[in-house]
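Remarks on the structure that follows.
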Ligand code: GTP
Ligand code: MG
């Protein structure tokens, strides 16, 4: 079985699939495909340990009851908003409360402000992201899945390490 189970959550269109695909293949997807959810298995050598991560890419529009199954399945969460989408940022705080409620604990997560390449459209400041991450006691990354995304692997690995530490 997997060493860590990670669920990627956030509003529709914020770039969840683009982040996952960038992490797994180092490529960027331009096409917008409202995802059918899908689990990816990622095998790697991390901190000199053979490591198997399972990553569930969820569909942002799906807030149905079966999302609860996804939440229970996972051990850690990547909470994504887009820096040019205020509503997607506001949705994250609500989402975190929901996760804590379902898991009956303060869940482990990483906060990601995606699409930083769209600077001219920015609606959420870096400070606001950092503040929210502090409130949620989690790491914070601003990323661009389209612009190289050098730091994207690190956010997945950081969460993986947090999961293993607990
Ligand atoms: P759902 O699966 O519907 O919930 O959406 P999603 O969160 O998976 O978003 P997706 O990865 O499909 O990306 C939505 C759109 O935003 C696509 O057209 C992507 O190419 C684009 N996109 C994703 N990440 C970035 C980014 O970092 N910068 C820019 N400019 N566009 C991005
Ligand atoms: Mg998607």
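Taking residue 133 and the conditions (1) within 16 Å of ligand 1 (Cβ to nearest atom); (2) surrounded by 16 or more Cβ atoms within 10 Å (Cβ to Cβ); (3) without any contact (Cβ under 8 Å) to a residue 40 or more places away in the chain, which numbered condition does it fall short on, given that it satisfies the others?
Every condition holds for residue 133 apart from (1).
Within region 118-136, is there a residue that is under 24 Å from residue 71 (Cα atoms) and either at pLDDT below 95 or assigned to a loop (DSSP other than H, G, I, E, B) (or both)?
Checking region 118-136: at least one residue is under 24 Å from residue 71 (Cα atoms) and either at pLDDT below 95 or assigned to a loop (DSSP other than H, G, I, E, B) (or both).
How about region 59-69: which of its residues are closer than 10 Å to residue 8 by Cβ and either modelled with pLDDT of 95 or more or not in a loop (DSSP other than H, G, I, E, B) (or both)? Working first, answer last.
To start, the set of residues in region 59-69 that are closer than 10 Å to residue 8 by Cβ comprises 60.
Answer for region 59-69, where residues must be closer than 10 Å to residue 8 by Cβ and either modelled with pLDDT of 95 or more or not in a loop (DSSP other than H, G, I, E, B) (or both): there is none.
Just the residues that are in a loop (DSSP other than H, G, I, E, B) and either within 11 Å of ligand 1 (Cβ to nearest atom) or at pLDDT 95 or above (or both), please, taken from region 28-54. Break it down into steps so the answer makes sense when it comes.
Initially, region 28-54 is screened for residues in a loop (DSSP other than H, G, I, E, B), giving 28-37, 47-48.
Those that are in a loop (DSSP other than H, G, I, E, B) and either within 11 Å of ligand 1 (Cβ to nearest atom) or at pLDDT 95 or above (or both): 28, 29, 30, 31, 32, 33, 34, 35, 36, 37.
Here is a list: 43, 108. Which entry is within 17 Å of residue 164 (Cα to Cα), away from ligand 2 (no atom under 15 Å from the Cβ) and under 16 Å from the mean Cα position of the chain (by Cα)? Break it down into steps so the answer makes sense when it comes.
Values: 43 fails: under 16 Å from the mean Cα position of the chain (by Cα).
Within the list 43, 108, the selection yields 108.
Residues that are touching a helix residue (DSSP H, G or I) at 6+ places or on another chain (Cβ under 6 Å) and more than 13 Å from ligand 1 (Cβ to nearest atom): does region 143-151 have at least one? Before the answer, list the steps.
Start the filter on region 143-151 by keeping residues that are touching a helix residue (DSSP H, G or I) at 6+ places or on another chain (Cβ under 6 Å), which leaves 143, 145, 149.
Narrowing the set further to residues that are more than 13 Å from ligand 1 (Cβ to nearest atom) leaves none.
Looking for residues that are touching a helix residue (DSSP H, G or I) at 6+ places or on another chain (Cβ under 6 Å) and more than 13 Å from ligand 1 (Cβ to nearest atom), one finds none in region 143-151, hence no.
Just a yes or no: is a residue in region 87-104 closer than 19 Å to residue 144 by Cα, out of contact with any strand residue (DSSP E or B) (no Cβ under 6 Å at 6 or more places or on another chain) and either within 14 Å of ligand 1 (Cβ to nearest atom) or at pLDDT below 95 (or both)? If you could, list the steps in order and put the result at the bottom.
If we filter region 87-104 for residues that are closer than 19 Å to residue 144 by Cα, which is where we start, we get 87-89, 92.
From what is left, the residues that are out of contact with any strand residue (DSSP E or B) (no Cβ under 6 Å at 6 or more places or on another chain) are 87.
With either within 14 Å of ligand 1 (Cβ to nearest atom) or at pLDDT below 95 (or both) added as a condition, the list becomes 87.
Yes, the conditions are met somewhere in region 87-104.
Restricting attention to region 65-75, does a residue exist that is within 22 Å of residue 141 (Cβ to Cβ), within 12 Å of ligand 1 (Cβ to nearest atom) and surrounded by fewer than 20 Cβ atoms within 10 Å (Cβ to Cβ)?
No, every residue in region 65-75 fails to be within 22 Å of residue 141 (Cβ to Cβ), within 12 Å of ligand 1 (Cβ to nearest atom) and surrounded by fewer than 20 Cβ atoms within 10 Å (Cβ to Cβ).
Given the options 50, 12, 34, name the one that is within 16 Å of ligand 2 (Cβ to nearest atom) and without any contact (Cβ under 8 Å) to a residue 40 or more places away in the chain. Quick ask: steps written out before the conclusion?
Details: 50 fails: within 16 Å of ligand 2 (Cβ to nearest atom); 12 fails: without any contact (Cβ under 8 Å) to a residue 40 or more places away in the chain.
Just a single option satisfies the conditions, and that option is 34.
State which residue is nearest to the chain's Cα centre (by Cα) when the search covers only region 18-31 and only residues that are within 11 Å of ligand 2 (Cβ to nearest atom) and surrounded by fewer than 24 Cβ atoms within 10 Å (Cβ to Cβ). Lay out the reasoning, then the answer.
Of the residues in region 18-31, the ones within 11 Å of ligand 2 (Cβ to nearest atom) are 18-21, 29, 31.
Restricting the remaining residues to those that are surrounded by fewer than 24 Cβ atoms within 10 Å (Cβ to Cβ) gives 21, 29, 31.
Numbers: 21: 12, 29: 17, 31: 19 Å.
Selected residue: 21.
Can you tell me how many residues in region 140-166 are surrounded by fewer than 17 Cβ atoms within 10 Å (Cβ to Cβ), free of Cβ contacts under 8 Å to residues at least 40 places away in the same chain and not in a helix (DSSP H, G or I)?
Of the residues in region 140-166, 4 are surrounded by fewer than 17 Cβ atoms within 10 Å (Cβ to Cβ), free of Cβ contacts under 8 Å to residues at least 40 places away in the same chain and not in a helix (DSSP H, G or I).
Here is a list: 96, 115. Which entry is on the phi > 0 side of the Ramachandran plot and either surrounded by fewer than 14 Cβ atoms within 10 Å (Cβ to Cβ) or in contact (Cβ under 8 Å) with a residue 40 or more places away in the chain (or both)? Before you say what the answer is, go through the steps one by one.
Working: 96 fails: on the phi > 0 side of the Ramachandran plot.
Just a single option satisfies the conditions, and that option is 115.
The values are calculated or read from the model by the stated rules, or taken from the named source; none is laboratory data. Just so you know, these numbers come straight off a predicted model, no measurement behind them. Every residue, glycine among them, receives a Cβ derived from its backbone with ideal geometry; neighbour counts consider all protein chains shown.
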